[in-house]
Amino acid sequence: MKSIIDIEKLNLYYESFHALKNVDLQIPEKAATAFIGPSGCGKSTLLRTLNRMNDMIPGTRIEGKVAIGGSDIYDGSVEVESLRKTVGMVFQQPNPFPKSIYDNVAYGPRLHGKPSKGELDQLVEQSLRQAALWDEVKDFLRKSALSLSGGQQQRLCIARALAVQPDILLMDEATSALDPVSTQKIEELVQELKGSYTIVMVTHNMHQAARISDRTVFFLNGVIVEAEDTDRLFSNPRDSRTEDYISGRFG
């Protein structure tokens, strides 16, 4: 698989705490990559380096290189706003804006340009269809997004991220706050979207990683222990620590 994200010798510090240690990783294009590992192992920290969310945390220091499409995103010339248009993100808790369903999805396109009403209508419908939500909300697009169920709100957040037409979608434990039915819908959505987008997801749920990711990366204490095709990592891990973790002996 061709890589779209190339990480070399990445070290990240929060003040004096060394959170990521000499991370080297290539993430393939138009595939789903899952980050697994126990709490506090660095997986969410690495995910947040991919759209520079860690910049917002005081005392953060980064060494090494994170390149997307061949360009170092920590180069001084990179505009964070344009980076986040390319690299969308969905968080653990659904976080729709206190606006209508339509205005949530239209927010990004309006921010990044001046689309006509017709263009906006088309983009809103397309994004809601991609997020498997259109049929459920098409008759009340002016209703508050906060009136939706938790699972619908999370799919709306995915639609909102897709509306700016990113190349990469980051998902930080995007189903951990949802019920099993909503979780299944999001997993089915990831399976559909990964043909068109590069998806990088953090999950505590190893079964989920095994079900829907193409590659899995196992973290421990800020270090990547193993990065492998998902089927191989779960059936024949190379490192005994990976085997101990996926068999439930720790974590």
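Looking at (1) under 21 Å from A174 (Cα atoms); (2) outside any loop (DSSP other than H, G, I, E, B), which is the one condition that is false for L20?
(1)
Give just the number: which of (1) without any contact (Cβ under 8 Å) to a residue 40 or more places away in the chain; (2) assigned to a helix (DSSP H, G or I) does V190 not satisfy?
The single condition V190 does not satisfy is (1).
For segment 79-134, give me each residue that is in a loop (DSSP other than H, G, I, E, B), among the hydroxyl-bearing types (S, T, Y) and closer than 23 Å to Q154 by Cβ. I'd like the intermediate steps shown before the answer.
Within segment 79-134, the subset in a loop (DSSP other than H, G, I, E, B) is 79, 91-99, 113-116, 131-133.
Right, trim to among the hydroxyl-bearing types (S, T, Y) and you get 116.
Matches in segment 79-134: none.
Filter segment 56-78 for residues that are loosely packed, with under 15 Cβ neighbours inside 10 Å, of a type in the set (A, V, I, L, M) and part of a loop (DSSP other than H, G, I, E, B) and give the result.
Those that are loosely packed, with under 15 Cβ neighbours inside 10 Å, of a type in the set (A, V, I, L, M) and part of a loop (DSSP other than H, G, I, E, B): I57, V78.
Out of the residues in segment 193-230 meeting the condition of being in a helix (DSSP H, G or I), touching a residue at least 12 places away in the same chain (Cβ under 8 Å) and more than 15 Å from the chain's Cα centre (by Cα), tell me which one is surrounded by the most Cβ atoms within 10 Å (Cβ to Cβ). Walk me through it before giving the result.
Restricting attention to segment 193-230, the residues satisfying the condition of being in a helix (DSSP H, G or I) are 193, 206-212, 230.
If we keep only those that are touching a residue at least 12 places away in the same chain (Cβ under 8 Å) as well, we get 193, 206, 208-212, 230.
Pick out the ones that are also more than 15 Å from the chain's Cα centre (by Cα) and you get 206, 210-211, 230.
Working: M206: 19, A210: 17, R211: 14, T230: 21.
The extreme case among them is T230.
So which residues in segment 216-233 are farther than 16 Å from E187 by Cβ and in contact with a helix residue (DSSP H, G or I) (Cβ under 7 Å, 6 or more places away or on another chain), if there are any at all? Working first, answer last.
Filtering segment 216-233 down to residues farther than 16 Å from E187 by Cβ leaves 217-229, 231-233.
F218, F219, L220, V225, E226, L233, listed by residue number.
May I ask you to list the residues in segment 23-55 that are basic (K, R), within 16 Å of V66 (Cα to Cα) and assigned to a loop (DSSP other than H, G, I, E, B)?
Initially, segment 23-55 is screened for residues basic (K, R), giving 30, 43, 48, 52.
Subsequent filtering for residues that are within 16 Å of V66 (Cα to Cα) retains 43, 48, 52.
Answer for segment 23-55, where residues must be basic (K, R), within 16 Å of V66 (Cα to Cα) and assigned to a loop (DSSP other than H, G, I, E, B): just R52.
Select, from G150, G76, G69, G88, the only residue that is at positive phi and out of contact with any Lys or Arg (no Cβ under 7 Å at 6 or more places or on another chain).
On the way: G150 fails: at positive phi; G76 fails: at positive phi; G88 fails: at positive phi.
Unique residue meeting the criteria: G69.
Quick check, is I68 among the hydrophobic types (A, V, I, L, M, F, W, C), under 30 Å from D6 (Cβ atoms) and at pLDDT 95 or above? Working first, answer last.
Values: among the hydrophobic types (A, V, I, L, M, F, W, C): yes; under 30 Å from D6 (Cβ atoms): yes; at pLDDT 95 or above: yes.
In short, yes.
Tally time: how many residues in segment 101-131 are surrounded by fewer than 18 Cβ atoms within 10 Å (Cβ to Cβ), among the polar types (S, T, N, Q) and closer than 22 Å to L146 by Cβ?
0
The values are calculated or read from the model by the stated rules, or taken from the named source; none is laboratory data. Keep in mind it's a predicted model, so treat the numbers as computed, not measured. Quick reminder, even Gly has a Cβ in these numbers, built from the backbone with ideal geometry, and neighbours come from all protein chains shown.
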